[in-house]
Amino acid sequence: MTTLLITLISLTAFGLWFWKKGLALLAERNASKELERVLFPNGDNEKEAILDSLIKITKGKYSQELLLDYFLKIKGLQVVNMYDPVNFWTRKFLMSPTKLKLNYFEQVKFYENFLNYPEASARIMAKSTEDNDYITSESNGGFYKKKQLA
């Protein structure tokens with residue numbers, strides 16, 4: 001009877017841990033690969049340049065892992081439209097809070113530097129449709145269409 005109770009308690013504890021931490025770890029591992037592919041189409045050189053600029057912004061206070069997590073979540077939320085079909089892991093990762101909390105001045109510098117990242121896809125182009133009432137924003141990877149205001 002006591003072994004059954006101990007087994008039940010340990011399974012419950014494992015289930016609670018998995019619900020709180022395990023899903024977040026799986027989401028981070030699976031979604032970060034996909035987001036890196038979208039945000040860094042030119043590969044590791046582009047990723048290193050971004051991380052170097054983030055290290056300069058924060059004056060080297062944080063590790064590259066924390067800075068990459070912050071960048072992926074903030075820019076990922078701008079690029080991926082949550083209303084279109086999105087991978088469960090990506091949605092879970094993007095909806096979780098960042099591990100890093102930047103101060104106000106670091107946040108301002110971050111948004112100044114990366115507001116239109118990547119520059120080549122930051123343009124908003126009018127897409128010609130039959131009635132011309134939709135525009136597609138390339139800055140979010142073309143994931144979303146927004147109705148124009150008349």
Problem - Members of the range 1-32 that are exposed (fewer than 10 other Cβ atoms within 10 Å of the Cβ) and closer than 23 Å to L66 by Cβ - result: K20
Problem - Y70 being assigned by TED's automatic domain parsing to the domain that holds Q107, modelled with pLDDT of 90 or more and assigned to a loop (DSSP other than H, G, I, E, B) - result: no
Handout entry: Test for I74: is it out of contact with any Ser or Thr (no Cβ under 6 Å at 6 or more places or on another chain), among the β-branched types (V, I, T) and either buried (at least 16 other Cβ atoms within 10 Å of the Cβ) or more than 22 Å from Y117 (Cα to Cα) (or both)
Key = yes
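Yes/no per residue for (1) of a type outside the set (D, E); (2) within 18 Å of K109 (Cβ to Cβ):
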residue: T2; (1), (2): yes, no
residue: E36; (1), (2): no, no
residue: G43; (1), (2): yes, no
residue: L54; (1), (2): yes, yes
residue: K59; (1), (2): yes, yes
residue: L67; (1), (2): yes, yes
residue: Q78; (1), (2): yes, yes
residue: N87; (1), (2): yes, no
residue: M95; (1), (2): yes, no
Handout entry: Selection count, the range 33-44, where residues are surrounded by fewer than 15 Cβ atoms within 10 Å (Cβ to Cβ) and part of a helix (DSSP H, G or I)
Key = 3
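The values are calculated or read from the model by the stated rules, or taken from the named source; none is laboratory data. Quantities reported herein were computed from a predicted structural model and do not represent experimental measurements. FYI the Cβ positions are ideal-geometry reconstructions off the backbone, even for glycines, and counts take in every protein chain you see.
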